[in-house]
Amino acid sequence: MSQQSEPVLFLYDSEQRLQGVLVSPEFWELIKDRVCPLLPAAAPAAVPELPEPLADWETLGAYWDFTYPLSSEVSCGQCGQHSADWQADEPRKFRLRTATLGGLVTFQCQQCKAKIIKRHFKDKVDTETQAHHETKDPKLNACYGPAR
Ligand SMILES: [Zn+2]
């Protein structure tokens, strides 16, 4: 495969039906700016969203014995997004990521992807926002979204 000399390689199955087209890295560099905008808009959503651990949140609420009520209020310290009740928003402004019996609850801001961490202590809540960092290696160019 790495010795591919043809700029375009047509891939057929055993029944001689065309299954795909493989282009060389050199040829891809020439055409990617024209091809990427044509890809379906749904392409970036190829990684399915993880389900929210709502049962963990319910469990935390069921065993709640701190001196203050468990709050459903979430604020993003990065972009200012705010919700008085994160479960009531449609569409969601924040998605629950984790909820532990130890009182650690994390959300993801749906606007800026920041991580909001709420640490519940016996008499107070510490809230921290961590900015989102793209963890994908830019060298592994998968050509999602608008052309770069
Ligand atoms: Zn945000």
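We did not get these values from a lab; they are worked out from the coordinates using the rules stated. From a predicted model like this one, the values you see are computed outputs, not experimental measurements. In this analysis, Cβ positions are derived from the backbone assuming ideal geometry, glycine residues included, and neighbour counts consider all displayed protein chains.
Give me the distance between the Cα centres of region 14-28 and region 91-109, rounded to whole Å. The distance from the Cα centre of region 14-28 to that of region 91-109 comes to 43 Å. Legend: distances between Cα atoms for K93/K118; K32/K113; K93/K122; pairs beyond 18 Å are K32/K113; K93/K122.
Here the extension length gained between E128 and A88 equals 12.2 nm, from 0.36 nm per residue of separation less the Cα-Cα distance.
Can you work out the FRET efficiency for the pair T100 and E49, with r the C-beta to C-beta distance and R0 = 30 Å, to the nearest 0.05? For T100 and E49, the calculated efficiency is 0.90.
By how many nm would the segment from Q19 to Y68 grow when fully extended, if each residue of separation counts as 0.36 nm and the alpha-carbon distance is taken off?
Separation in residues times 0.36 nm, less the Cα-Cα distance, equals 11.6 nm.
About its Cα centre, what dipole magnitude does region 54-130 give when the only charges are +1 on Lys and Arg Cβ and -1 on Asp and Glu Cβ, stated in debye to the nearest 20? Display every interim value, and only then the final one.
Numbers: 10 positive and 10 negative charges, 68 e Å.
My answer is approximately 320 debye.
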